[in-house]
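**Q** Right, I'll just put the structure down here and ask away after.
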Amino acid sequence: MTPVLHPVALVGAGPGDPELLTLRALRRLQAADVVLSDDLVDARVLALIGPQTRLLRVGKRGGCISTDQRFIEELMVREARAGRRVVRLKGGDPFVFGRGGEEADALRAAGLAVEVVSGLTAGIAGPAAAGIPVTDRRCTPGVALVTGHSGEGGRAPDWAALARSGLTLVVYMGVARCEQIVAALREGGMCGDMPVAVVAAAHTERQQQALSTLDGLCALLAREPGLGSPAVLVIGEVGALGAWASAQAEAAHQLRQA
């Protein structure tokens, strides 16, 4: 008997806090037979998966050994063709630096239906966790979400154009490439005193944030290991707005006086 084929759900797990999951994401997790989870999905989200569900960890993290992408795609196809309800669970949003588009194409090429369940991406929710708006009409006309690690075969950002754009730049996976990013933005004309906020492990118990400038960013990251990956860099005037920036400046002043 031919099994009933269910759509494969590409589900965004959000930035960490399970309270930020969408209702649809929660329903898909609790109804799944198999969940293929990325490395960055918070343990509190994984705890919501039903006891009858098989959890397969197929992590990807920069600088570490990662599960082969083709293997992940073949595994999803095999499980779905067996009639199982398959969820591919990704940190943030599956279509924002999550290879969701590649995986959706592979599934459709195999004759399978795909459901995309959006999630809050770290580039928006991360700054918000630190009280930083990524857009503000007083200082920027918009925001660009950019990867600092384009990977093999990927298209690199045009840092010179971004430096001149006047947009808030939110850089994913940029900590390890700090020196190259700073150099490219400075060469493109961005001033060295441009505010840069770093928000690490947003919406988790490990969350840390700090405020620097473009010229001071790499030194900050070198002396503060807690600001490492997973983190976003928020480059632009928005980083210096409001009570958050004032609190960061006061904390830095007290540290200098100690």
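**Q** Indicate, rounded to the nearest 5 percent, the antiparallel portion of the DSSP beta bridges found entirely in the chain.
**A** Taking every DSSP beta bridge with both residues in the chain, the antiparallel ones total about 45 percent.
**Q** Okay, next question. Considering only DSSP beta bridges whose two residues both sit in segment 122-257, what percent are antiparallel, to the nearest 5?
**A** 75
**Q** Moving on to the next point. How much net charge surrounds residue 30 when only the other residues with a Cβ under 13 Å from the Cβ of residue 30 are counted, with Lys and Arg +1 and Asp and Glu -1?
**A** Taking every Cβ under 13 Å from that of residue 30, the sum is +3.
**Q** What are the radius of gyration and Dmax of segment 122-257, computed over its Cα atoms and given in Å?
**A** 13.9, 48
**Q** Restricting to segment 8-117, compute how many DSSP beta bridges are antiparallel as a %, nearest 5.
**A** Once the DSSP bridges in segment 8-117 are tallied, antiparallel ones form about 5 percent.
**Q** Let me ask something else. Can you tally the net charge around residue 213? Count Lys and Arg as +1, Asp and Glu as -1, for every other residue whose Cβ sits under 12 Å from the Cβ of residue 213.
**A** Cβ neighbours under 12 Å give a net charge of -2.
**Q** Based on Cα coordinates alone, diagonalise the gyration tensor for the chain, multiply each eigenvalue by 5, take square roots, and list the semi-axes in whole Å, largest first.
**A** Equivalent ellipsoid semi-axes, largest first: 37, 19, 15 Å.
**Q** Same structure again: Any chance you could check the Cα centroid distance between segment 78-141 and segment 21-47 for me, in angstrom?
**A** Between the Cα centres of segment 78-141 and segment 21-47 lies a distance of 13 Å.
**Q** So how much slack lies between residue 224 and residue 44, counting 0.36 nm per residue of separation and subtracting their Cα-Cα distance, in nm?
**A** That works out to 62.2 nm of additional length.
**Q** Let me ask something else about it. At a Förster radius of 41 Å, what calculated FRET efficiency corresponds to the Cβ-Cβ distance of residue 2 and residue 57, to the nearest 0.05?
**A** According to the calculation, E is roughly 0.85.
**Q** Determine, at each q value in 0.21, 0.22 (inverse angstroms), the log₁₀ of I(q)/I(0) that the Debye formula gives when each Cα of segment 28-170 is one equal point scatterer.
**A** Ignoring solvent entirely, the Cα scatterers give -1.36, -1.44.
Quick note: the coordinates plus some simple rules give every number you see, no bench work behind them. Note that the coordinates shown come from a computational prediction; the quantities given were computed from them, not determined experimentally. Quick reminder, even Gly has a Cβ in these numbers, built from the backbone with ideal geometry, and neighbours come from all protein chains shown.
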